1. Being modelled with pLDDT of 95 or more and under 27 Å from ILE177 (Cβ atoms) narrows it down to one residue among ALA259, ALA230; which is it?
2. Based on this model, can you work out whether ILE186 counts as within 30 Å of VAL389 (Cβ to Cβ), crowded, with 18+ Cβ neighbours inside 10 Å and among the aliphatic types (A, V, I, L, M)?
3. Take region 53-82 and flag every residue that is charged (D, E, K, R), open to solvent by 60 Å² or more (accessible area, probe 1.4 Å) and outside any loop (DSSP other than H, G, I, E, B).
4. Can you name the residue in region 335-368 that is touching a Gly at 6+ places or on another chain (Cβ under 8 Å) and more than 28 Å from TYR48 (Cα to Cα) and, of all such residues, is surrounded by the most Cβ atoms within 10 Å (Cβ to Cβ)?
5. Contact list please: Cβ distance under 8 Å, first residue in region 273-298 and within 15 Å of THR367 (Cβ to Cβ), second residue open to solvent by 60 Å² or more (accessible area, probe 1.4 Å) and in a helix (DSSP H, G or I), pairs at least six apart or on different chains.
6. How about region 338-367: which of its residues are hydroxyl-bearing (Ser, Thr, Tyr) and either closer than 23 Å to TYR223 by Cα or in contact with a strand residue (DSSP E or B) (Cβ under 6 Å, 6 or more places away or on another chain) (or both)?
7. Would you check which residues across region 363-388 are over 19 Å from the mean Cα position of the chain (by Cα), touching a residue at least 40 places away in the same chain (Cβ under 8 Å) and over 23 Å from GLU404 (Cα atoms) and list them?
8. For region 1-42, name all the residues that are of a type in the set (A, V, I, L, M) and closer than 27 Å to THR113 by Cα.
Amino acid sequence: MESYFFERNRSRLKELLPDESLTILFAGKAPQKSADEHYPFVPNRNFYYLTGITDQNVMLLLKKSGTQFEETLFIEKADPVMEKWVGKTVSKEDAEKLSGIKDIKYVDSFESTIDGNFFTNQAKHVCLDLERRGWNGEPTSTSLFAKHIREHYPHVTIHNVYHEISGLRVFKTTEEIQKIKEAIAITKEGIYNVLKHAKAGMMEYQLEAHFDFTLKSNGIRDYAFKTITASGKNATVLHYEHNNARTNEGELVLLDLGAQKDYYNADISYTFPVDGKFSDRQKVLYNIVLKALKETTAIIKPGLEFAELNKFAKKILADECKKIGLIQEDEEISKYYYHGVGHFLGLDTHDVGSYKDRILEPGMVITIEPGLYIEEESIGIRIEDDILVTEDGFENLSKDIIREVEEIEEFMATKGVQAVQA
């Protein structure tokens with residue numbers, strides 16, 4: 001992303017901030033794993049969305065006072081010794097180029113800068129990204145900072161700016177959509193590589209390895225989420241992640257996976273027969289899910305309530321399952337379909353943004369992923385596309401991935417040769 005993208009994001013946020021306020025965001029820091037090893041670092045996504053900086057221990061300060069709006073980044077000073085061990089940290093010049101912020105300071109001046117604003121009463125409000133998903137969640141650097149503010153500056157009002165930033169992130173720009181498309185294209189290539197090499201008797205993790213190889217070969221450093229490679233009955237567990245079972249002849253394999261391109265994610269669920277041929281029963285069930293995917297996608301347009309998508313998909317699945325005798329009443333479908341049909345997609349796979357009373361609007365990117373999970377038959381099927389809501393309907397960003405039974409069987413029979421030639 002170019003710096004103007006992040007500048008524009010900060011400008012949009014500025015309009016939502018209270019006057020006489022400081023807004024402070026932290027990039028974060030990788031936690032210790034064991035001994036002298038740390039977990040891989042990834043920047044807080046809201047911080048990245050506003051700065052473009054991917055280094056740890058960096059802070060963003062936005063000061064709003066009347067018509068004045070000041071932006072400051074605090075970065076770490078270069079450490080020549082550590083540079084020999086782990087490489088260079090972001091420089092002032094690079095930080096300005098990436099973010100478009102001209103006022104770059106070092107972190108050792110952060111506290112005095114904050115203190116100065118409080119002492120002179122220039123800031124009556126502090127806006128922090130206080131995302132919290134549960135009562136017993138682990139404390140973050142931001143929550144600890146908020147505690148410090150409450151204890152030492154009780155006259156300052158703390159605001160949670162998380163929801164304002166999340167609201168901005170719901171609507172994707174042209175640049176963001178392009179990144180998602182790139183992630184989907186590499187994900188497609190990875191899926192096809194799995195299909196080319198799949199055969200009964202392989203371990204799930206061996207199938208997964210072919211997806212991994214494709215991503216690494218394309219310079220992808222991270223995944224949208226931990227890959228699900230679930231064969232047979234394992235596919236009836238929504239978030240199965242062991243990927244350590246042996247596949248058997250006649251089984252379906254459910255993939256749920258995605259590449260991450262410059263922090264933007266693809267999210268694709270894909271189901272196929274490990275030996276390249278659907279049984280008659282598998283074909284019937286697969287086509288029910290495919291019908292739900294196609295017809296639910298077809299109703300997407302601005303003005304539609306998000307919740308209607310799941311109701312619509314659930315009704316299709318129920319109607320079709322009644323036709324084949326799997327269920328007798330509509331409400332029984334909950335035994336075989338027990339999740340929502342979609343979610344927002346972007347910098348996070350389950351991207352931020354409220355779903356309550358949400359109406360679809362242009363610029364939203366969502367997933368559509370109906371499924372059927374029949375444990376007694378050891379069959380789990382989920383098919384997923386990534387969809388952009390447009391001014392007059394939708395664009396299926398993952399439409400180029402083959403989905404039809406005949407297409408999958410032909411692809412696997414020819415090891416993708418015909419698809420490559422096409």
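1. Values: ALA230 fails: under 27 Å from ILE177 (Cβ atoms).
Only one candidate passes the filter, namely ALA259.
2. Values: within 30 Å of VAL389 (Cβ to Cβ): yes; crowded, with 18+ Cβ neighbours inside 10 Å: yes; among the aliphatic types (A, V, I, L, M): yes.
Yes; evaluated as a whole, the condition is true for this residue.
3. The initial filter retains those residues of region 53-82 that are charged (D, E, K, R), namely 55, 63-64, 70-71, 76-77, 79.
After this cut, where a residue has to be open to solvent by 60 Å² or more (accessible area, probe 1.4 Å) as well, the list is 70, 76-77, 79.
If the condition is that a residue be charged (D, E, K, R), open to solvent by 60 Å² or more (accessible area, probe 1.4 Å) and outside any loop (DSSP other than H, G, I, E, B), then GLU70 is the only one that fits.
4. TYR337
5. Between residues of region 273-298 that are within 15 Å of THR367 (Cβ to Cβ) and residues that are open to solvent by 60 Å² or more (accessible area, probe 1.4 Å) and in a helix (DSSP H, G or I), the close pairs are THR296/PHE312.
6. Residues satisfying the conditions are THR349, THR367.
7. Across region 363-388, the qualifying residue is only GLU375.
8. Initial filter on region 1-42 (of a type in the set (A, V, I, L, M)): 1, 13, 16-17, 22, 24-25, 27, 30, 35, 42.
Within region 1-42, LEU13, LEU16, LEU17, LEU22, ILE24, LEU25, ALA27, ALA30, VAL42 qualify.
The values are calculated or read from the model by the stated rules, or taken from the named source; none is laboratory data. This one's a predicted model, so the numbers in the text were calculated from it and none came from an experiment. Quick reminder, even Gly has a Cβ in these numbers, built from the backbone with ideal geometry, and neighbours come from all protein chains shown. Just so you know, the surface numbers come from the protein's heavy atoms only, side chains and all, with ligands and any DNA or RNA stripped out. Shrake-Rupley method; radii C 1.70, N 1.55, O 1.52, S 1.80 Å.
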